[in-house]
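The values are calculated or read from the model by the stated rules, or taken from the named source; none is laboratory data. All values reported here derive from a predicted model rather than from experimental measurement. Counting neighbours? That spans all protein chains shown, and the Cβs are built from the backbone with ideal geometry, glycine included.
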Amino acid sequence: MTRDSGKYGALAMSTEGLDAFLAATDVVMLASLRKDGAPLVVPVGFDWDGTDFCVTLGRDHAGVQRLRRDGRVSLAAASHPAFPTKFMIVEGVAEEIADPDDAISRRILFRASQPMFEQARIDPERYFRSWVSTGRVVFRIRVTSLVTFDGTKTPRGEKYTSGTRLPTDRSR
């Protein structure tokens with residue numbers, strides 16, 4: 001994996017910062033390629049082991065066929081609220097993997113949803129059984145490039161300008 005700390009230098013997240021950011025994030029945006037090469041982005045739950053991501057899709061979800069056909073993907077997650085901005089962008093390759101006893105799907109579903117189940121008074125085990133009953137397909141995303149940004153590192157009183165303009169933008 002290439003960790004591009006050069007793009008944002010001192011404003012890149014540390015390994016610990018990325019882990020904390022992802023622990024507070026319940027979905028990532030998964031971009032995959034349609035047959036005609038056009039990208040399609042969908043929100044998905046995920047698991048992160050510090051090296052690779054795992055995502056799970058319903059057996060009949062069109063994304064399963066997209067990832068089987070072409071495993072090149074991107075993932076993105078951003079902070080909410082948007083300021084101070086934090087984000088990560090991943091490029092990688094998705095490969096279908098076995099999920100014995102739906103263990104990976106379980107980790108993904110329960111990773112950040114426990115408070116939602118409690119608030120909605122939903123039995124999580126009953127929901128899980130229903131969720132996996134239609135069939136789940138798990139993909140491991142082998143990270144080939146990882147870029148992060150942590151706007152909380154911007155020094156107070158200083159203006160951060162790097163990356164805020166496109167090359168075609170004109171200075172005023």
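Residues of the stretch 77-95 include none that is outside any strand (DSSP E or B), at positive phi and either touching an Asp or Glu at 6+ places or on another chain (Cβ under 9 Å) or exposed (fewer than 14 other Cβ atoms within 10 Å of the Cβ) (or both). Does the stretch 56-66 contain at least one residue that is at pLDDT 95 or above and touching an Asp or Glu at 6+ places or on another chain (Cβ under 9 Å)? Yes - at least one qualifying residue is present in the stretch 56-66. For the stretch 12-23, the candidate set comprises residues that are in a loop (DSSP other than H, G, I, E, B) and either among the hydrophobic types (A, V, I, L, M, F, W, C) or modelled with pLDDT of 95 or more (or both); within that set, the residue that is surrounded by the most Cβ atoms within 10 Å (Cβ to Cβ) is M13.
Please enumerate the residues belonging to the stretch 34-60 that are closer than 17 Å to E96 by Cα and without any contact (Cβ under 8 Å) to a residue 12 or more places away in the chain. Passing the criteria: only D49. When each of L75, L57 is tested for being within 21 Å of S145 (Cα to Cα) and of a type in the set (A, V, I, L, M), the lone residue that passes is L75.
Within the set R136, R121, the sole residue that is charged (D, E, K, R) and buried (at least 16 other Cβ atoms within 10 Å of the Cβ) turns out to be R136. Among the residues making up the stretch 24-47, a single one is modelled with pLDDT under 95 and more than 11 Å from the chain's Cα centre (by Cα): A24. Only one of the listed residues (V27, V64, V41) is at negative phi, crowded, with 16+ Cβ neighbours inside 10 Å and not basic (K, R). That residue is V64. Restricting attention to the stretch 96-117, the residues that are out of contact with any helix residue (DSSP H, G or I) (no Cβ under 7 Å at 6 or more places or on another chain) and part of a loop (DSSP other than H, G, I, E, B) add up to 4.
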